[in-house]
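The values are calculated or read from the model by the stated rules, or taken from the named source; none is laboratory data. All of these numbers come straight from a predicted model, not from anything done at the bench. Neighbour counts are summed over all protein chains in view; Cβ atoms, including those assigned to glycine, are modelled from backbone coordinates with ideal geometry. The area values use the complete protein model at the heavy-atom level, side chains included, leaving out ligands, DNA and RNA. Shrake-Rupley method; radii C 1.70, N 1.55, O 1.52, S 1.80 Å.
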Amino acid sequence: MSGPDLRRAAAARALELVQPGMKLGLGTGSTAAAFVDLLGAKVRDGFDIVGVPTSEATRIQAEGLGIRLATLDEQPQLDLTIDGADEVDDQLRLIKGGGAALLREKIVACASRRMVVIADAAKHVGTLGAFPLPIEVNPFGLAATRLAVEAALSASGCEGPVVLREKDGRPVMTDGGHMILDARLGRIPDPERLGAALWSVPGVVEHGLFLGIASAAILAADIGGKAEVTVLGSLA
């Protein structure tokens with residue numbers, strides 16, 4: 001099966017968790033977009049929820065589908081956030097930020113009673129770190145921040161190049177006006193230690209380690225040409 005088919009299968013299972021009247025955090029990225037598409041179809045049939053998007057891209061998509069939206073200022077406590085992940089381990093620790101929305105994604109997830117991850121089963125890993133870790137930074141003092149980030153990585157037992165994310169020869173800017181450093185570490189032996197070290201760096205706005213936030217992950221795998229969905233954690 002193709003990646004889009006697996007993403008849609010995981011998204012369809014997550015849609016079963018949504019009840020009328022819920023206040024939902026709407027994630028960012030290709031898998032989250034599949035969920036928003038399915039949610040939009042349900043809304044067209046008369047299903048009523050309120051969504052809080054985690055990025056401008058998701059806001060535009062949801063508005064185009066007729067999904068009723070609010071901000072976190074208007075709805076500061078959410079029932080459920082559905083979002084993708086770049087990696088998820090057995091302890092439901094995540095790497096997120098491939099779509100450059102990690103700050104807003106983490107704010108929305110932490111404002112929710114539950115966060116459920118949806119992903120292709122290939123995102124399930126034994127050890128985090130093969131996917132480059134996104135680190136959102138303030139543009140001011142970028143060179144100094146980068147050196148401090150490299151020192152924090154080394155002190156946490158992680159080694160690897162730290163690269164400024166660019167597109168078409170220009171730095172990628174987040175919706176909040178920040179830049180992204182991608183740390184290509186290969187493996188992260190102690191995510192909690194690394195997360196704490198990154199928080200100590202002035203200039204770091206947020207990092208892509210989501211620790212103790214997700215309550216479950218819905219993973220879709222190709223088994224004999226059919227999508228088989230498994231769950232890590234609890235959907236209750």
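Worth pointing out:
- Volume of the Cα convex hull of region 1-140, divided per residue and given in Å³: 118
- Fluctuation leader among 219, 142, 103 - the chain, Gaussian network, Cα springs under 10 angstrom: 142
- A 1.4 Å probe run over the protein chains yields, for the chain, 44 Å² of accessible area per residue, whole-number rounding.
- Whichever lysines have a C-alpha closer than 19 Å to that of residue 42, once near sequence neighbours (fewer than 8 apart) are set aside: 23
- Cα Rg, Dmax (largest Cα-Cα span) when computed across region 73-112, Å: 11.1, 35
- GNM on the chain, alpha-carbon springs under 10 angstrom: the most fluctuating residue among 143, 220, 130 is 143.
- Relative contact order [Cα under 8 Å, 6+ residues apart], region 137-214, whole percent: 39
- Kyte-Doolittle at least 1.0, axis length at least 27 Å by Cα - qualifying DSSP helices, the chain: none
- Considering only 47, 210, 35, the Gaussian network model of the chain with Cα springs below 10 Å gives its largest mean-square fluctuation to 47.
- Rounded to 0.05, the FRET efficiency of the residue 151 and residue 130 pair, given R0 = 25 Å and the Cβ-Cβ distance, is 0.65.
- Relative intensity, log₁₀ I(q)/I(0), of region 156-236 from a Debye sum that treats every alpha carbon as a point, q = 0.10, 0.22, 0.27 Å⁻¹: -0.41, -1.07, -1.26
- Gyration tensor verdict on the chain (Cα atoms; rounded if a/c is under 1.5, prolate if a/b is larger than b/c, oblate otherwise): prolate
- The chain, accessible surface, carbon-and-sulfur percent (1.4 angstrom probe): 52
- nm² value of the averaged projected area, convex hull over the Cα atoms of region 70-171: 8.6
- The aspartates and glutamates whose alpha-carbon is closer than 13 Å to the alpha-carbon of residue 106, local same-chain residues fewer than 8 away aside, are 83, 136, 206.
- Relative contact order %, the chain, counting alpha carbon pairs below 8 Å whose residues are six or more apart: 23
- Spacing of the two label points (7 Å from each Cα toward its C-beta) at residue 231 and residue 199, in nm: 3.0
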